[in-house]
Amino acid sequence: MFRKVHLYLTILCAGITTAIILVMSLLYLYLSEKELYENQFRSFQNDINTIATSLEQQSVISMEWLAKMESRGGYTFYALDNGVPFLYNRLTSLSEGSDLQNLLETCLSVYQTSDDYTFIQEELSTGGLYNTCFHTEFSLNLTGRKPEYYASVIELDRGSSSLQIVVLSSLHFLQDQLARQRIRFLLIDAAAILLLTLFSFFFTGRLLQPVIESRKAQAAFVSAASHELRTPLAVILSAAECCRNAPKETLSRFLDTIKQEGALMTSLVNDMLTLSASDSQNFSVHPAPVELDTLLINACEAFEPLAAEKKLSLSVSLPENALPPCMADADRIMQLLSILLHNAISYTPEGGHVELSLVRRGSRFFLSVSDTGPGILPEDRKKIFDRFYRAEKSRSAKGHFGLGLSIASEIVKQHHGSITVSDRGGGGSVFTVTLP
């Protein structure tokens, strides 16, 4: 299931970013190409204005001048005297039926008849050599939507003589430049899309990782809870079956077993409900000013009978100076102390010692529960706060299901504190809770 979700999220993320990249690239190419065509046309107009001004000052247009202008600007010139091509054009490029001849005829036809082009016309002062002189620039779209040539017709009139100079500027070099630009953008977009797809794959995988881990933890929790409930239920059912034919003197023993296992199940279910409330963000904590030293004394008094039963000594170490109150939930802190004390007393051998201590350093309080038990191995310290984890399998026989420290960790987390475990000098463990 998660593989499909991972794939769908990758496709969605990569698809959205790909669409954005393509739209932005196309928009940039459109604006860039439009600006290049406009800049090229303005440059062509400026050159034509210079050429027309030069022509205006010449009484004779020589073949040498035409060749010089063509080579200088990269343009093609056609000169017509009263509609008759100059000898220069007839000798160099024009021949009947040639492509250049057809291009020239098309240009003149557009200039004379077509209204589909935007003409830009400018009339110049002649300075006396010609009666009138003006030039017109326009674009030629012969085969496609983009112009292939920029054209200009310069007309000079002197009495009965009319001179036309047609100037053509090929845009094939600009179209080649734009084609190379499109290919570059295509390659860049393809590389960007590939990288974004890989990034989306790993990014969505990282996003799903907490969900996958939560699902695995949930499955493990259900499996462990089922396993823990199976044992007391089997004992209860077995004891109930034995009650059918048990003599009166042994009946009470089976009933005590049923009661004991029922109490264990009740404790387990309550712990599971507490953790479930934490998972659903319903773990209630109501902070209020709390005297932590009073809570430690109360907790010690509550567990003194259990410690005495196991022949353990239980003590409390408090600072000599009065401590300020701590903003905390008194019931939850008492529950935390009960969990830590119950664990310490349960796993400390007879004749051992359990101690509660409280100190204040700066703006933090440090609660500690130390014991002289067997201690906890370093490899187990990172796992003991996991649900249903038990470093010793024998703990289940003592009514421990591996949920107490998980609940303690949740309580500390809700108080924005921390809980750690370390070795006690001489053997045993020390659980330290830090509260702001």
Just to be sure I understand the filter: pairs with C-beta atoms under 6 Å, separated by 6 or more residues or on different chains, first member in region 17-33 and in contact (Cβ under 8 Å) with a residue 24 or more places away in the chain, second member not polar (S, T, N, Q). Which pairs pass? T17/L196; T18/I193; I21/D189; I21/A192; S25/F185; S25/D189; E33/L178
Extreme residue, farthest from G73 (Cα to Cα), among residues of region 156-192 that are surrounded by 14 or more Cβ atoms within 10 Å (Cβ to Cβ) and small (G, A, S): A192
Please work out which one of (1) modelled with pLDDT under 90; (2) surrounded by fewer than 20 Cβ atoms within 10 Å (Cβ to Cβ); (3) over 13 Å from L295 (Cβ atoms) is the condition E355 fails and give its number. (1)
If you go through region 358-382 one residue at a time, how many are loosely packed, with under 14 Cβ neighbours inside 10 Å, on the phi < 0 side of the Ramachandran plot and without any contact (Cβ under 8 Å) to a residue 24 or more places away in the chain? 5
Here are some residues: S315, S267. Which one is modelled with pLDDT under 85 and of a type in the set (S, T, N, Q)? S267
Going through region 63-82 in order, the residues found to be in a helix (DSSP H, G or I) and under 60 Å from the mean Cα position of the chain (by Cα) are M69, E70, S71, R72, G73
All but one of (1) closer than 30 Å to N39 by Cβ; (2) modelled with pLDDT of 90 or more; (3) aliphatic (A, V, I, L, M) hold for V153, so report the exception by its number. (2)
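The values are calculated or read from the model by the stated rules, or taken from the named source; none is laboratory data. Everything numeric here is computed off the predicted structure, so don't read it as measured data. Methodologically, a virtual Cβ is constructed for each residue, glycine included, from the backbone with ideal geometry; neighbour enumeration extends over all protein chains shown.
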